[in-house]
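Notes to accompany the following structure.
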Amino acid sequence: MTKNNDMIEWFRASTSYINAHRHKIFVVLLSGEALADKNFANIVHDLSLLHSLGVKLVLAHGARPQITAALEKAGSKSSYHRNLRITESSCIETVKQTVGGLSISIEALFSMGMSDSPMHGADIRLCRGNFVNAKPVGVHDGVDYHFTGTVRKIRTSAIEQQLDQGNIVLLSNLGYSSSGEVFNLSAEEVATETAIALRADKLILLIPGEGVLDKKGDLVPSLTQEDARRYVDSLNQADDEDSRCLSQALQAGLRAHDNDVHRSHLISFKSNGALLQELFTREGSGSLISNDNFDLLRDATIDDVAGILKLIRPLEENGTLVIRSRELLETEIENFKLIELEATIIACAALYETSDDCGEIACIAIHPQYHGNGYGHRLLSSLETTARKNGLKRLFVLTTVAAHWFLEKGFAEGELNDLPQQRQQLYNFQRNSKVFIKQL
Ligand SMILES: CC(C)(COP(=O)(O)OP(=O)(O)OC[C@H]1O[C@@H](n2cnc3c(N)ncnc32)[C@H](O)[C@@H]1OP(=O)(O)O)[C@@H](O)C(=O)NCCC(=O)NCCS
């Protein structure tokens, strides 16, 4: 019963994410390592689910370990320069065959529809084509990369046409030059450049690890650009395969971020359901490189009542905030401002004008996961700006537990008598809140 209830709660809570993701473009990097992992079949199911929910998907697959194995089998040795494979003319046929074979295997997986499988009824059309124009990398440090290429252009309108027709677009690490040659590219580059060219809403990079881990080994759920750069520097000191993958993914995310792709998610390809957990729950499962300013501070509307109630209920239950009924909140909603992140309300606060020159700050609440990120400060500053604009001269707040926080924001402790007459009459002596006042 509890398990059932958990599932029902989770499914309900995912509504806002489902609505937020619909019709959005997600570019997903499927590295060769991800394709080879035993969890890959689950990833295909989860991508199919995203497609069914109206997400426009572009998948870019790689083939690094598979090419290495195929070249070894053919008696050729792989050589690298600056972490990039040198694709000699004697190898390009093997590369083409290997990548082609993988693309076909992916097509086959998306075509499954057995009646007892999660793919039943999905009826997915996967489309491939010459969407990536390439040029040779050329010669660097005196080293000729031969048929290793770099992205020259992504044919965005051709991809968009496919997406608009409801198809999933499958790209690979092969690109085609204007002279008709085939080049071996880095799949990370294909995914990143495609996300940038399409102005994708998300770049999703599937990696072997859980995400970015801090010094204590704890997952870092969200990173600024500066954080990501710091981690790249330290990962580049390590020489294991997982660090290399993570560093490459972070660098791809940073490049995307610098070019207006505001969300890059690093998600484990080994963990069953990690993709869904990252995209449909507040807690997430991986690491997100996001634009600091991409969270949205705005006035609340009647549609936000449910989200605000969800945020403040635990604080009402533990006595930090005064209880507000849904009906009261609906009538007072225009007093609220909120901060929204990934379609979820993570912070709110209200300003009530109590008399000609006075206003009350109330119901300031930041979701515990986001404490200490300056959200409280931003909301308070925004309410203070509104108050000044409206000609208010003073703000007050009644608080039981955040006295010092308000002191640090320029409030000074006051007395009940300092409050407007009307507000004094409503003072709840049982709560015994402290009064703080700020002159504007
Ligand atoms: C109080 C609250 C709004 C602060 O929001 P926030 O976004 O975490 O705050 P900011 O990021 O702007 O500021 C963080 C700083 O405030 C400090 N701080 C947070 N809560 C505090 C409190 N109750 N008392 C004193 N300082 C506090 C933090 O330690 C941090 O200090 P630092 O920068 O020196 O490390 C938030 O903790 C919250 O929602 N608390 C529960 C609800 C509540 O108490 N509301 C007030 C009722 S009127």
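Shape class for region 105-255, computed from the alpha carbon gyration tensor (a ≥ b ≥ c): oblate, with a/c not under 1.5 and a/b at or below b/c.
Available extension along the chain between Asp141 and Phe429 is 96.0 nm, counting 0.36 nm per residue and deducting the alpha carbon span. Compared with the dominant Cα axis of the chain, that is its longest principal axis, helix 241-258 is turned about 60°. Compared with the direct C-alpha span, the chain from Asn236 to Asp164 gains 21.9 nm at full extension, assuming 0.36 nm per residue.
Modelled spin-label separation between Leu440 and Arg313, with each label point placed 7 Å from Cα along the Cα-to-Cβ direction: 3.3 nm.
Surface exposure of region 296-439, expressed per residue as accessible area with a 1.4 Å probe, stands at 53 Å².
Amide H contacts of Gly414 (H built 1.01 Å from N, in plane; Pro and chain starts excluded): Val435, Phe436, Ile437 sit under 5 Å, all sequence-distant by 5 or more or on other chains. If R0 is 25 Å, what FRET efficiency do you get for Ser76 and Asp258 from their C-beta distance, rounded to 0.05? The calculated FRET efficiency here is 0.10. Computed over the chain with a Gaussian network model linking Cα atoms closer than 10 Å, the most mobile of His61, His377, His51 is His377. Choose one answer from Ala122, Ala134, Ala74: the residue with the largest mean-square fluctuation in a GNM of the chain with alpha-carbon springs under 10 Å. Top of the fluctuation ranking is Ala74. Here's the picture: charge each Lys and Arg Cβ at +1 and each Asp and Glu Cβ at -1 in region 296-439, and of Leu407, Gln430, Leu351 the one pushed furthest to the positive end of that dipole is Leu407.
Here Lys24 is the anchor, and the lysines within straight C-alpha reach of less than 16 Å, apart from those fewer than 8 places off in the same chain, are Lys56, Lys202.
Dipole orientation for the chain: of the candidates Ala252, Ser117, Asn173, Asn173 has the Cα lying most toward the positive pole (charges on Cβ; Lys, Arg +1; Asp, Glu -1). Loop-located GluC sites (Glu not before Pro) in region 250-316 (DSSP state not H, G, I, E or B) with no more than 13 neighbouring Cβ atoms inside 10 Å: Glu283. Quick one: grab the alpha carbon gyration tensor of region 296-439, order the square roots of its eigenvalues as a ≥ b ≥ c, and give me rounded if a/c is under 1.5, else prolate or oblate depending on whether a/b is larger than b/c. Judged from the Cα gyration tensor, region 296-439 comes out rounded (a/c under 1.5).
When each of the peptides 306-312, 388-394 is scored by the mean number of other C-beta atoms lying within 10 Å of its residues, the order from highest to lowest reads 306-312, 388-394.
Its Cα gyration tensor gives the chain an equivalent ellipsoid, and the semi-axes of that ellipsoid, as √(5λ) in whole Å with the largest first, are 52, 23, 19. Within a straight-line Cα-Cα reach of under 28 Å, Lys393 can be paired with the following lysines, leaving aside sequence neighbours fewer than 8 residues apart in one chain: Lys337, Lys409, Lys434, Lys438.
In degrees between 0 and 90, to the nearest 10, how far off the longest principal axis of the chain does helix 375-389 point, with axes built from Cα atoms? Its long axis makes an angle of about 50 degrees.
The values are calculated or read from the model by the stated rules, or taken from the named source; none is laboratory data. A quick note: this is a predicted structure, and the numbers were derived from the prediction, not measured. No Cβ is skipped: glycine too gets one built from the backbone with ideal geometry, and neighbour counts run over all protein chains shown. Only protein heavy atoms, including side chains, enter the accessible area calculation; ligands, DNA and RNA are left aside. Shrake-Rupley method; radii C 1.70, N 1.55, O 1.52, S 1.80 Å.
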